[in-house]
Amino acid sequence: MTIQWFPGHMTRARREIQDKLKLIDIAIELLDARVPLSSRNPMIDEILLNKPRLILLNKADLADARTTEKWMAYFAGLGHTSLAIDSSTGTRVNEIPVKVKQLLHDKIEKQILKGMKPRAIRGLIVGIPNVGKSTLINRLAGRSIAATGDRPGVTKGQQWIKVGTEMELLDTPGILWPKFEDQLVGQRLAMTGAIREQVLNIEDIAFFAVKELAKRYWPELVERFGLTTAPPSDLDDADEIVRVMEDIGRKRGCLVSGGRVDLEKASGIILRELRAGNLGRISLESPDDLM
Ligand SMILES: Nc1nc2c(ncn2[C@@H]2O[C@H](COP(=O)(O)OP(=O)(O)OP(=O)(O)O)[C@@H](O)[C@H]2O)c(=O)[nH]1
């Protein structure tokens, strides 16, 4: 689901998360492993302040494993512990309570030293729309709980979901906004399907996708679509990208009268297969780009 975010919504979302922070021991920041920077809220450090934090690179099943490793090293460099997971199948999700306990080790020790029986660790999942918050909550809870489509501003009673015996989660995640002002962020999120096609034109999104794929994953493109065309000689030449899109369209029989390629149809195919992971595991951002 895509939400329209206005400055007022952002302020309210931020306040709602900060109210919830008072109730919890740790924030669990969910990012999309394919686009960890673009799926990251630009104000996250200011919002979470000094709350202990675990970063989860979700949808790791769709991302390039080597690039995900690099992202984990990148976040370690910023002082954050991270874990790559797949909430849809549950891969490595059971490591979350373990990591959380490690991160709060000192606090738990202090409680024990004071003779207190440590209570369950309380966590809050935060992330931008479509990053997988509800899927993860349901996975951790072992049953279907989170109302997908929960929106900021809709108050309801706080409920704690038990995750094993030592952890509890707030049932409603904190919804954050992405970095809208950066056009590249919008394009990358659109490629993953996090931003609806109504906002950006489908052919434009597929154009960006083919450009990115030609840059890093040309062999995967050739293999998936059986391309016979040469790679673009200049990635900044729009005609060269469209030539590849047309070849994809021809290979998939997206033709209109006169033998022209139906680019809209071809675009739909490209995006659907990219998002479903049919081209292989693809990361659209790498820490190498930041060098
Ligand atoms: N392949 C894959 N898909 C996932 C994973 N986690 C979530 N998804 C899919 O991503 C889509 C969005 O997941 P949600 O759990 O609804 O995301 P959300 O963050 O709660 O979204 P909002 O309700 O819009 O805030 C759904 O189609 C999920 O099935 C994952 O680890 N791997």
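Worth a mention:
- Remark on residue 195: its backbone amide H falls under 5 Å from those of 190, a criterion applied only to residues 5 or more positions apart or on other chains, H modelled at 1.01 Å from N.
- For the stretch 232-285 versus the stretch 31-104, the gap between their alpha-carbon centres in whole angstrom: 31
- Computed from the Kirkwood radius of its Cα pairs, the Stokes-Einstein diffusion coefficient for the chain at 20 °C and 1.002 mPa s stands at 105 µm²/s.
- Inter-label distance, residue 215 to residue 159: 4.4 nm, where each label sits 7 Å from its Cα along the C-beta direction.
- Of all complete DSSP H helices in the chain, not one has a Cα span along the helix axis of 15 Å or greater and a mean Kyte-Doolittle hydropathy of 0.5 or more.
- Taking amide H atoms as placed 1.01 Å from N in the peptide plane, the amide H of residue 174 lies under 5 Å from those of 125, 126, 127, each 5 or more residues away in sequence or on another chain.
- Convex hull volume of the stretch 7-170 per residue (C-alpha atoms, cubic angstrom): 117
- Report note on the peptides 39-45, 228-234, 52-58, 207-213: ranked by the mean count of other C-beta atoms within 10 Å, highest first, their order is 52-58, 207-213, 39-45, 228-234.
- Here the gap between residue 4 and residue 264, fully extended at 0.36 nm per residue and compared with their Cα-Cα distance, gives a gain of 91.1 nm.
- Considering only alpha-carbon pairs that sit under 8 angstrom and 6 or more positions apart, the relative contact order computed for the chain is 22 percent.
- With a simple spin-label model that places each label point 7 Å from the Cα along the Cα-to-Cβ direction, the separation between residue 11 and residue 112 comes to 4.6 nm.
- Each label point was placed 7 Å from the Cα along the Cα-to-Cβ direction; for residue 166 and residue 230 their separation is 6.0 nm.
- Rg/Rh for the stretch 158-273, where both radii come from Cα atoms and Rh is the Kirkwood radius: 1.18
- What the chain shows is 49 Å² of accessible area per residue, with the surface traced by a 1.4 Å probe over protein heavy atoms.
- For residue 81, the residues whose amide H sits under 5 Å from its own are 55, ignoring neighbours fewer than 5 places away on the same chain, with H placed 1.01 Å from N.
- Between 220, 95, 29, the residue with the greatest mean-square fluctuation in the GNM of the chain (Cα pairs under 10 Å linked by springs) is 95.
The values are calculated or read from the model by the stated rules, or taken from the named source; none is laboratory data. In this text, all values refer to a predicted model and were calculated from it rather than measured experimentally. All Cβ positions, glycine included, derive from the backbone under ideal geometry; neighbour counts span all protein chains shown. For the accessible areas, the whole protein counts, side chains as well, though only heavy atoms, and no ligand, DNA or RNA atoms are used. Shrake-Rupley method; radii C 1.70, N 1.55, O 1.52, S 1.80 Å.
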